[in-house]
1. Answer with yes or no whether Gly182 is surrounded by fewer than 18 Cβ atoms within 10 Å (Cβ to Cβ) and either of a type in the set (Asp, Glu) or within 30 Å of Arg250 (Cβ to Cβ) (or both).
2. Considering only residues that are within 21 Å of the chain's Cα centre (by Cα), over 30 Å from Arg245 (Cα atoms) and surrounded by fewer than 17 Cβ atoms within 10 Å (Cβ to Cβ), look in segment 114-161 and name the one that is modelled with the lowest pLDDT.
3. May I ask you to list the residues in segment 45-79 that are without any contact (Cβ under 8 Å) to a residue 40 or more places away in the chain, touching a strand residue (DSSP E or B) at 6+ places or on another chain (Cβ under 7 Å), among the hydrophobic types (A, V, I, L, M, F, W, C) and outside any strand (DSSP E or B)?
4. Tally time: how many residues in segment 162-179 are acidic (Asp, Glu) and either modelled with pLDDT of 95 or more or surrounded by fewer than 17 Cβ atoms within 10 Å (Cβ to Cβ) (or both)?
5. Which residues, taken from segment 185-199, are buried (at least 16 other Cβ atoms within 10 Å of the Cβ) and either over 19 Å from Phe211 (Cα atoms) or more than 20 Å from the chain's Cα centre (by Cα) (or both)?
6. Consider Arg82 against the criteria (1) at pLDDT 65 or above; (2) outside any strand (DSSP E or B); (3) surrounded by 14 or more Cβ atoms within 10 Å (Cβ to Cβ): it satisfies all of them except one. Which criterion is unmet?
7. Determine the pairs where a residue that is closer than 16 Å to Gly59 by Cβ, located within segment 112-125, has a partner that is modelled with pLDDT under 85 and not in a helix (DSSP H, G or I) with Cβ atoms under 7 Å apart, the partner being 6 or more residues away or on another chain.
8. Which condition number in (1) under 22 Å from the mean Cα position of the chain (by Cα); (2) surrounded by 15 or more Cβ atoms within 10 Å (Cβ to Cβ); (3) charged (D, E, K, R) is the one that Arg202 fails?
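The values are calculated or read from the model by the stated rules, or taken from the named source; none is laboratory data. Just so it is clear, the structure is predicted and the values come from calculations on it, not from any experiment. Glycine gets a Cβ as well: all are built from the backbone with ideal geometry, and neighbour counts include every protein chain shown.
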Amino acid sequence: MHRPARMVTLCFLSSTPTLALGAPPAPAADHVLLGTVKEAGSGASAGTAVVHVDEVVDGPAEAAELAGQEVRVRLGKGSAARAGAQRLFFANRSAVGATIELSAVEETAPGDTAELRKTLAAARASERAARLASALSASPLVIAGTVDSVAPERVREPAGEHDPLWREATVHVDAVGKGEAGSEVVVYFAGSVDAAWAGAPRLSVGQKAVFVLRSGAALARYAVKGPVVLRDEDLQPRDSVDAIRALLKRSGR
């Protein structure tokens, strides 16, 4: 069955030197898409192209749905995208209110995408490890536990742009890796559907994890009285508790 094309805008920010395929771009991108240019814009559409996504080489889970779709790419000066040409686009997702856009930071000729996948996977793993180490260092409280309950969502108007609309989850504590905690801890998480919080952890009853908690009171905007989870590294698999304890021990925390 034919799926109707879904148009997603990619903003090409600048023309940068061509990268050797197999090396991650600088700056890093959240999405890597291999696509064939179907139509180069002209007139009012000059500087844009309709691109068929042949392969999602790398990206978050939700990027997989772009495969086989057509996206509209906003091209920059020096772009080599021409009708019929296959190009590799490196792009980041940017949030503007409830709108999701992809901003390209690099465009190259296609090559061995299997090798590129391996290189990017290694880079992602290294990046995840670095983010976890940073989160553990900054966290005032690291616990292993299970979400016992989640308070009902309170319907209210956002207090400002990108208001996280905090929700409360009560976590039963099985073990403490850093800091001090009783048998239960109330953890705050973003309930907003705003694109700015698209990657923030969502907690649900029965969820088991190692919670690398951040100070909600220290947030520059929308501070909250208790600990929060903000990024994906703030939730680790429950069976990683021994590895995280080892990391904390080696760092002296």
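1. Yes; evaluated as a whole, the condition is true for this residue.
2. Glu161
3. Ala63, Ala64, Ala67
4. The number of residues fulfilling the criteria is 2.
5. Val185, Val187, Ser192, Asp194, Ala195, Ala196
6. (3)
7. Sorted first by the residue in segment 112-125, then by its partner, the pairs are Leu116/Leu21; Leu116/Gly22; Thr119/Gly22; Thr119/Ala23; Thr119/Pro24; Leu120/Pro24; Ala123/Pro24.
8. Result: Arg202 fails condition (2) only.
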